[in-house]
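Asker: Please read through the structure below; I'll follow up with questions.
The values are calculated or read from the model by the stated rules, or taken from the named source; none is laboratory data. The structure presented is a predicted model; accordingly, all values stated were derived computationally and were not measured. Heads up, the Cβs are rebuilt from the backbone with ideal geometry, glycines too, and the neighbour counts pull from every protein chain shown. In case anyone asks, the SASA skips ligands and DNA or RNA and just uses the protein heavy atoms, side chains included. Shrake-Rupley method; radii C 1.70, N 1.55, O 1.52, S 1.80 Å.
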Amino acid sequence: MIFEKKILCIGAGYVGGPTMAMIAYKCPQYRITVVDINPTRISEWNSDELPIYEPGLDEIVRATRGKNLFFINNIEAGIKDNDIIFVSVNTPTKTFGVGSGMAADLQYWEKTARQILQYSESSKIVIEKSTLPVKTALAMENILNYKSNSISFDVLSNPEFLAEGTAMNDLENPDRILIGSRETQSGMDARKTLVEIYANWVPREKIITSNIWSSELSKIVSNAFLAQRISSINAISALCEKTDADITEVAKAVGMDSRIGSKFLNASVGFGGSCFKKDILNLVYLCRHYGLSEVADYWESVIRINQYQQERFIWSMLTTMFNTLADKKICLFGFAFKANTGDTRESPAIFIARRLLEEKAEIIITDPKALRNARADLAGVEGKVSFEGDPYRAAEKCHAIAVLTEWDIYRNLDFQKIYDTMTKPASLFDGRNILDHKRCFDIGFNVYPIGKPPLTHF
Ligand code: UDX
Ligand code: UDX
């Protein structure tokens, strides 16, 4: 079969894998190849058990794999054989040297750029899919166009806005596709090529273009704004607990103002995920770098409130359970950073679990998809931890349950049955406000929601 376009993606992670699967699915006339330095990842993508859980992903991979979607290990062949290269390697927070704990670690990026240069035998369009600090494209261009020969590279920024758990729907029906390019002739031509790829299924009015720096910055700012809303509502949840106001009622009233909007106003134990904290730290670092310390402090406070919210949760458990958790059994309902994913990166559950173990509590973790990652996250941590797939068994003999992920299955459990097997008094800390608090209270639980008056029998 002769394919119209040959597209490569370097980095088969949460972003690269689903995004390329969707392009392959929507564009059978293109050949899509995904390459990764991690051979285990690639063999998992080629197996029946994909390396990530994402609703709807299995079906799309099954429909395209081996037809126009290929997962391979050979990066050299991948670069040589393709004209359009997406790069979605990870860009974690730096853990060493200048900017440690704040700046993005761009070493994988730079290595990838050098590999593209080394193996290319023809001109390419290189697309930044990973979230990167503004001006990264400049470094990319400088590396790629270092040798002046007949091969040239156009660098585009095309940030991915998918959220985990809803990735396939987000990819199929995106709010917008953003493509940033240089405003030179070849930059504009490259931009047009990418627009045409998305136009196979995304309405043209949703495909927006900009200069490359606006595109890079917009992605970080989108994440910062989303996280800021969560920290705003979480900050107010603390005030609600002091004043007998109810955060759900406040969020509803505030969110019905069409200028504010109702989404992302669910108070919680805190936000997690691989992006929000990393991207805000990056933004803070960037602002400091440019001497904008007030701006940096403003955005840093979003992270401080998130940390505070998690601390408050522990504090509430400790103080309401008679100031000691030692030898008490506490069950964590959910470990993933959000529902419908097995991903636990930066999950508040990691912090909560560690703090409970410091208090010498015994913890039992249950989660429908994240137990494998939970085990890895807590490997080597001192204390009594066990993992149990069945929430009913997990809660047996426990003194308390803490709901940390908003999985639907937890809403519909038989809490009478659960209560009957627990040690009394039994406490329920709803870190996601998803349970029927009044009903649980009537069963006998002492119930501690976020941002609402507690319901206790004391
Ligand atoms: C990553 C970035 O973390 C994020 O900032 C960006 O927005 C999108 O890409 P994600 O897909 O969730 O997000 O990361 P991850 O699941 O860790 O996948 C990255 C993949 O790149 C891994 O499979 C890793 O093995 C691979 N990789 C990394 C390479 O193939 N080459 C490298 O040099 C480094
Ligand atoms: C986010 C962005 O939404 C996405 O556009 C970007 O591409 C990557 O980062 P993701 O981290 O996958 O996506 O999930 P998201 O739905 O944004 O949730 C992030 C965290 O915020 C989760 O821990 C979630 O539980 C929490 N959250 C979300 C709240 O606590 N309250 C809310 O109202 C919404």
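Asker: Loop-only trypsin sites (Lys or Arg not before Pro) in region 1-55, please: DSSP not H, G, I, E or B, and at most 12 other Cβ atoms within 10 Å.
Answerer: Working: sites: Lys5, Lys6, Lys26, Arg31, Arg41; in loops: none.
For trypsin sites (Lys or Arg not before Pro) across region 1-55 that sit outside H, G, I, E and B with at most 12 neighbouring Cβ atoms in 10 Å, the list is empty.
Asker: Within a Cβ distance under 9 Å of Gly451, other residues only, what is the Lys/Arg minus Asp/Glu net charge?
Answerer: Overall, the nearby charge balance is -1.
Asker: Calculate the spin-label point distance for Asn412 paired with Phe96, positioning each point 7 Å from the Cα along the beta-carbon direction, and give it in nanometres.
Answerer: With each label point 7 Å from Cα toward Cβ, the separation is 5.0 nm.
Asker: To continue, here is another question. Using a cut-off of 9 Å between beta-carbons, work out the net charge of the residues near His399 (Lys and Arg +1, Asp and Glu -1, His399 not included).
Answerer: Net local charge, His399 excluded: +4.
Asker: Also, quick follow-up: Keeping all protein chains in place and using 1.4 angstrom, which order do Met256, Met102 fall into by accessible surface area, from largest down? Present the calculation step by step, with values, prior to reporting the outcome.
Answerer: Details: Met256 145, Met102 35 Å².
Highest to lowest solvent-accessible surface, that is Met256, Met102.
Asker: Right, something else. To the nearest Å, what is the center-to-center distance of region 109-176 and region 1-66, using C-alpha atoms only?
Answerer: That distance is 17 Å.
Asker: Of the peptides 317-328, 366-377, how do they stack up when ordered by the mean number of other Cβ atoms within 10 Å, highest first?
Answerer: In decreasing order of mean packing, 317-328, 366-377 become 366-377, 317-328.
Asker: Still on this structure: List the residues of region 275-292 whose backbone N lies under 19 Å from a point placed 7 Å from the Cα of Leu138 along the Cα-to-Cβ direction.
Answerer: 282-292
Asker: Okay, moving on. When DSSP beta bridges are limited to those with both residues in the chain, what percentage is antiparallel, rounded to the nearest 5?
Answerer: Among the beta bridges of the chain, antiparallel pairing accounts for roughly 5 percent.
Asker: Considering only Cα-Cα distances, which of the following residue pairs are longer than 22 Å: Lys263/Lys338; Lys5/Lys192; Lys278/Lys338; Lys277/Lys338; Lys111/Lys369; Lys94/Lys219?
Answerer: Correct reply: Lys111/Lys369.
Asker: What number, in percent, do you get for the relative contact order of region 1-51 if the mean sequence gap of Cα pairs under 8 Å and at least 6 apart is divided by its residue count?
Answerer: Here the relative contact order equals 39 percent.
Asker: Quick check: from the Cα gyration tensor, does region 1-49 come out rounded (a/c under 1.5), prolate or oblate?
Answerer: prolate
Asker: Suppose every K and R has +1 on its Cβ and every D and E has -1 on its Cβ; what is the size of the dipole of region 358-444 about the Cα centre, in Debye to the nearest 20?
Answerer: 100 debye
Asker: Top to bottom by accessible area (1.4 Å), largest first, where do Trp315, Trp213 land?
Answerer: Trp315, Trp213
Asker: Further, regarding this structure: Classify region 88-168 from the C-alpha gyration tensor, please: rounded if a/c falls under 1.5, else prolate or oblate depending on whether a/b exceeds b/c.
Answerer: Judged from the Cα gyration tensor, region 88-168 comes out oblate (a/c at least 1.5, b/c at or above a/b).
Asker: What are the trypsin sites (Lys or Arg not before Pro) within region 98-152 that DSSP puts in a loop, where the Cβ has at most 16 other Cβ atoms within 10 Å?
Answerer: Lys135, Lys147
Asker: Tell me the carbon and sulfur percent of the accessible area for the chain, rounded to whole percent, probe radius 1.4 Å. List each step's numbers first, then the result.
Answerer: Details: 10730 of 20660 Å².
Carbon plus sulfur share of accessible area: 52 percent.
Asker: Could you compute the net charge surrounding Ile60? Neighbours are other residues with a C-beta less than 15 Å from the C-beta of Ile60; K and R count +1, D and E count -1. It would help to have the intermediate numbers written out before the result.
Answerer: Numbers: positive: Lys26, Arg62, Arg65, Lys67; negative: Asp48, Glu54, Asp58, Glu59, Asp170, Glu172.
With Lys, Arg at +1 and Asp, Glu at -1, the net is -2.
Asker: Show me the ranking of peptides 56-69, 436-449, 340-353 by mean Cβ neighbours inside 10 Å, starting with the highest.
Answerer: Most protected by this proxy first, the peptides run 340-353, 436-449, 56-69.
Asker: Just the accessible area for Lys192, please: 1.4 Å probe, Å², rounded to the nearest 10?
Answerer: We get 130 Å² for Lys192.
Asker: OK, next. How much FRET efficiency would the formula 1/(1 + (r/R0)^6) give for Glu110 and Phe264, where r is the Cβ-Cβ distance and R0 is 25 Å, rounded to 0.05? Let's see the in-between values first.
Answerer: Numbers: r = 34 Å, r/R0 = 1.35.
It comes to 0.15.
Asker: Turning to a different aspect of this structure: Out of the GluC sites (Glu not before Pro) in region 160-212, which ones are loop residues according to DSSP with at most 13 other C-beta atoms within 10 Å?
Answerer: Answer in residue order: Glu183.
Asker: Shifting gears a bit: Excluding residues fewer than 8 places away in the same chain, name every one of the lysines whose C-alpha is closer than 21 Å to that of Lys424.
Answerer: Hits, sequence-local ones excluded: Lys328, Lys329, Lys360, Lys384, Lys397, Lys438.
Asker: Counting alpha carbon pairs within less than 8 Å and at least 6 residues apart, what relative contact order, in whole percent, applies to region 315-458?
Answerer: Over region 315-458, the number comes to 21 percent.
Asker: Where a ≥ b ≥ c are the square roots of the eigenvalues of the C-alpha gyration tensor, would you call region 332-417 rounded, which needs a/c under 1.5, or, failing that, prolate if a/b is larger than b/c, or oblate?
Answerer: oblate
Asker: Now for a separate question. From Cα pairs below 8 angstrom and at least 6 apart in sequence, can you work out the relative contact order of the chain, rounded to a whole percent?
Answerer: Relative contact order for the chain comes out at 11 percent.
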